[in-house]
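The values are calculated or read from the model by the stated rules, or taken from the named source; none is laboratory data. Quick caveat, the model's predicted, so the values are computed rather than measured. Using ideal geometry, Cβ is built from the backbone for each residue, glycine included, and neighbour counts are taken over all protein chains shown.
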Amino acid sequence: MTTTKKRIGHPITTDPRVYRHNFKLTTEENIRFKQMLCKAGLEHNCSRFIVKRIFKEEFVFLRRNLRRRNSSPA
C-alpha cells in the first residue's frame with residue numbers, strides 16, 4: 001500500500017517575496033499613516049498599502065454601512 005504525503009502549510013509561489021525593508025516614523029507621521037490606512041480600508045494589511053503607495057498602484061476605497069448590517073427587520 002502506497003500513500004502520498006499531503007503538503008502542509010502555505011503553497012509555494014513562483015515569485016516569493018524575500019526582500020524586507022524597515023523604516024521608523026515619528027508620532028505625527030504614524031498618526032497620519034494610520035489615517036491613510038483607514039481611509040484606504042487596508043488597516044489590517046499595512047504591507048499591501050505601502051507597496052501600492054510606493055509603486056503608484058491604484059487602490060479602491062470601499063465604504064461599509066454598518067448601520068444597514070446591524071439593523072434587524074421589524
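How many residues does the stretch 21-48 hold that are more than 16 Å from the chain's Cα centre (by Cα) and assigned to a loop (DSSP other than H, G, I, E, B)?
First, pick out the residues of the stretch 21-48 that are more than 16 Å from the chain's Cα centre (by Cα): 21-32.
Applying the additional criterion that residues be assigned to a loop (DSSP other than H, G, I, E, B) yields 21-26.
So the count comes out to 6.
If you go through the stretch 52-74 one residue at a time, do you hit one that is modelled with pLDDT of 85 or more, surrounded by 10 or more Cβ atoms within 10 Å (Cβ to Cβ) and on the phi < 0 side of the Ramachandran plot?
no
Counting only residues that are in contact with a helix residue (DSSP H, G or I) (Cβ under 9 Å, 6 or more places away or on another chain) and surrounded by 12 or more Cβ atoms within 10 Å (Cβ to Cβ), how many does the stretch 1-40 have?
Selection size over the stretch 1-40: 4.
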